[in-house]
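Let me begin by presenting the structure, written as structure tokens, before commenting on it.
The values are calculated or read from the model by the stated rules, or taken from the named source; none is laboratory data. Computed from a predicted structure; not experimentally measured. As a convention, Cβ positions derive from the backbone with ideal geometry for all residues, glycine included, and neighbour counts pool all protein chains shown.
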Amino acid sequence: MNETERARKVIFLIGGRACGKTTIGKLLAQKLQMEFLDMDKTIEELEGKNIQQLVTDEGWEFFRKKEENLLQKLVGQDNLIIASGGGAILHQNIWPTVMKNGFVVWLNAKIETVQARLINDHKTAAQRPSLTGENILSETEKVMAAREPLYRKGSHLCIDSGQPVKTIIETIEKGLKEGKRGKGD
């Protein structure tokens, strides 16, 4: 199976919080006539609680296990675009399988962009529980710095998500057609 065939099966959008995975995923799915799935929303539906409640009641370890289980189920799907949770990249034990069976696009955003989006999004408190217990600005810096090498290594294509949505979607489409394996910012 070549890169384009794998990509048609499943496209994973990865990246930190508020980098545009859900927004881009929905629009890309519509344009490519594929199904769309938001991993965080799916976990909320399966557990009957929002992420904040899950983490408060069960802890991050419980949430990460649910995320890992879902990720394993999604790897073998067809005709699907997946907006992963920001921490999905932490599941390094199964990431080689993700890379082999799907086309992974890292939506990379500047720290200032992410921080502004988080601060201005009224859903942040309910949907994005603290990962470190620190304020949102310092937490964002630390988490993005720690995960950046994983995102870089674990993607076929890297795109600056601060660009216009149309440009991002066109870049992904071009990457799919070319079977892109490089990191084109």
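Would you confirm whether any residue within segment 15-29 is more than 29 Å from Lys174 (Cα to Cα) and either hydrophobic (A, V, I, L, M, F, W, C) or not in a helix (DSSP H, G or I) (or both)?
As a first pass, look at segment 15-29 and keep what is more than 29 Å from Lys174 (Cα to Cα): none.
No - not one qualifying residue is present in segment 15-29.
Where residues in segment 63-78 are loosely packed, with under 14 Cβ neighbours inside 10 Å and touching a helix residue (DSSP H, G or I) at 6+ places or on another chain (Cβ under 7 Å), which of them is nearest to Gly25 (Cα to Cα)?
In this case the residue turns out to be Asp78.
Kindly indicate whether Gln53 is polar (S, T, N, Q) and either on the phi > 0 side of the Ramachandran plot or touching a Leu at 6+ places or on another chain (Cβ under 7 Å) (or both).
Values: polar (S, T, N, Q): yes; either on the phi > 0 side of the Ramachandran plot or touching a Leu at 6+ places or on another chain (Cβ under 7 Å) (or both): no.
Taking the combined requirement at face value, the residue does not satisfy it.
Just give me the residues in segment 141-151 being within 13 Å of the chain's Cα centre (by Cα) and of a type in the set (Lys, Arg), in sequence order.
Matches in segment 141-151: Arg147 only.
So, in segment 137-185, of the ones that are at pLDDT below 85 and crowded, with 18+ Cβ neighbours inside 10 Å, which residue ends up nearest to Ala109 (Cα to Cα)?
So, considering only residues that are at pLDDT below 85 and crowded, with 18+ Cβ neighbours inside 10 Å, the one nearest to Ala109 (Cα to Cα) is Met144.
So, of the residues in segment 6-48 that are touching a strand residue (DSSP E or B) at 6+ places or on another chain (Cβ under 7 Å), buried (at least 18 other Cβ atoms within 10 Å of the Cβ) and charged (D, E, K, R), which turns out to be farthest from Gly85 (Cα to Cα)?
Arg6
Please go through segment 36-62 and pick out each residue that is of a type outside the set (S, T, N, Q), touching a residue at least 60 places away in the same chain (Cβ under 8 Å) and farther than 24 Å from Ile24 by Cα. Spell out the reasoning first.
First, the residues of segment 36-62 that are of a type outside the set (S, T, N, Q): 36-41, 43-49, 51, 54-55, 57-62.
This time we only want the ones that are touching a residue at least 60 places away in the same chain (Cβ under 8 Å), so: 40, 51, 55, 60.
Answer for segment 36-62, where residues must be of a type outside the set (S, T, N, Q), touching a residue at least 60 places away in the same chain (Cβ under 8 Å) and farther than 24 Å from Ile24 by Cα: Val55, Trp60.
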